[in-house]
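Visitor: To start, I am sharing the structure in question, which I have written as structure tokens.
Nothing in this text is a laboratory measurement; each read-out follows from the coordinates by a stated rule. Keep in mind it's a predicted model, so treat the numbers as computed, not measured. Don't worry about glycine lacking a Cβ; one is built from the backbone with ideal geometry, like all the others, and counts go over all protein chains shown.
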Amino acid sequence: MHTDGVRHGPGVRAGVGRPTGVIGAAAVAILLATVGAATAQDTGEGQVSLPIGTAGPDASLEDLDGNIVQLQDAVGGRPALIEFWASWCEQCEALQPQMDAVHAQFGDRAEILAVAVAVAQSQRRVRRHVEDAGHSYPFLWDADGAAVRAYKATTTSIVVILDSDGDVAYTGVGPDQDLVGALRRVLGPDGPRVRQPAPAAQ
């Protein structure tokens with residue numbers, strides 16, 4: 001796993017005061033302790049998270065005010081770029097200029113969002129970081145690791161791009177990813193089409 005030089009001491013807890021969050025954080029920590037297939041020099045394209053072509057799963061998350069948000073509702077039927085992120089992740093910090101670039105270039109054509117993992121950081125700390133940094137795209141709190149498990153995000157700085165059908169079209173890890181190029185390829189020259197909700201059962 002990419003520890004990014006961070007020591008997780010015995011006193012570190014995520015989701016303080018919320019038993020389910022603490023239990024979930026422990027499960028996430030186990031997942032994040034799994035050694036990833038890619039290194040900082042390797043973008044791991046198509047080798048991390050879910051296989052290309054897999055339907056992007058839903059997950060129950062929270063916004064930074066503690067309100068429940070379903071990931072698919074946040075995506076809103078559009079193509080999406082999802083980063084698994086932590087405030088202590090040096091590779092996420094190195095990837096930030098690309099995240100800002102894809103939001104500036106494609107924010108009107110795709111949903112750009114970050115999933116903050118509940119490991120060695122609190123929801124309050126994430127909110128403070130986002131406010132201080134002035135990020136203009138959504139950050140969602142993965143209190144019990146639902147998104148981490150659903151997307152098999154074994155480390156931070158993993159990026160998953162969903163196409164207009166909601167299927168995984170790209171995966172990668174680390175600061176050497178070409179997110180602008182990857183999202184441009186997924187969107188195509190004609191832009192994305194928005195998924196229509198399935199008709200109600202008769």
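Visitor: When the stretch 43-59 is examined, which residues are found to be over 20 Å from ASP165 (Cα atoms), surrounded by fewer than 16 Cβ atoms within 10 Å (Cβ to Cβ) and in contact with a Gly (Cβ under 7 Å, 6 or more places away or on another chain)?
Guide: none
Visitor: Regarding the stretch 60-79, can at least one residue be identified that is basic (Lys, Arg), touching a helix residue (DSSP H, G or I) at 6+ places or on another chain (Cβ under 8 Å) and surrounded by fewer than 22 Cβ atoms within 10 Å (Cβ to Cβ)?
Guide: There is no residue in the stretch 60-79 that is basic (Lys, Arg), touching a helix residue (DSSP H, G or I) at 6+ places or on another chain (Cβ under 8 Å) and surrounded by fewer than 22 Cβ atoms within 10 Å (Cβ to Cβ).
Visitor: For the stretch 116-131, does any single residue satisfy the condition of being within 23 Å of PRO51 (Cα to Cα) and touching a residue at least 24 places away in the same chain (Cβ under 8 Å)?
Guide: Yes, some residue in the stretch 116-131 is within 23 Å of PRO51 (Cα to Cα) and touching a residue at least 24 places away in the same chain (Cβ under 8 Å).
Visitor: Output the qualifying pairs, or none if there are none: Cβ atoms under 6 angstrom, residues six or more apart or on different chains, first residue in the stretch 156-185 and closer than 13 Å to GLN47 by Cα and in contact (Cβ under 8 Å) with a residue 24 or more places away in the chain, second residue acidic (Asp, Glu) and in a strand (DSSP E or B).
Guide: VAL159/GLU83
Visitor: Further question on the same structure: What is the one condition in (1) over 22 Å from VAL186 (Cα atoms); (2) surrounded by fewer than 17 Cβ atoms within 10 Å (Cβ to Cβ); (3) of a type in the set (D, E, K, R) that ASP165 does not satisfy?
Guide: The failed condition is (1).
Visitor: Out of (1) under 25 Å from GLY188 (Cβ atoms); (2) surrounded by fewer than 18 Cβ atoms within 10 Å (Cβ to Cβ), the odd one out for ARG127 is which?
Guide: The single condition ARG127 does not satisfy is (1).
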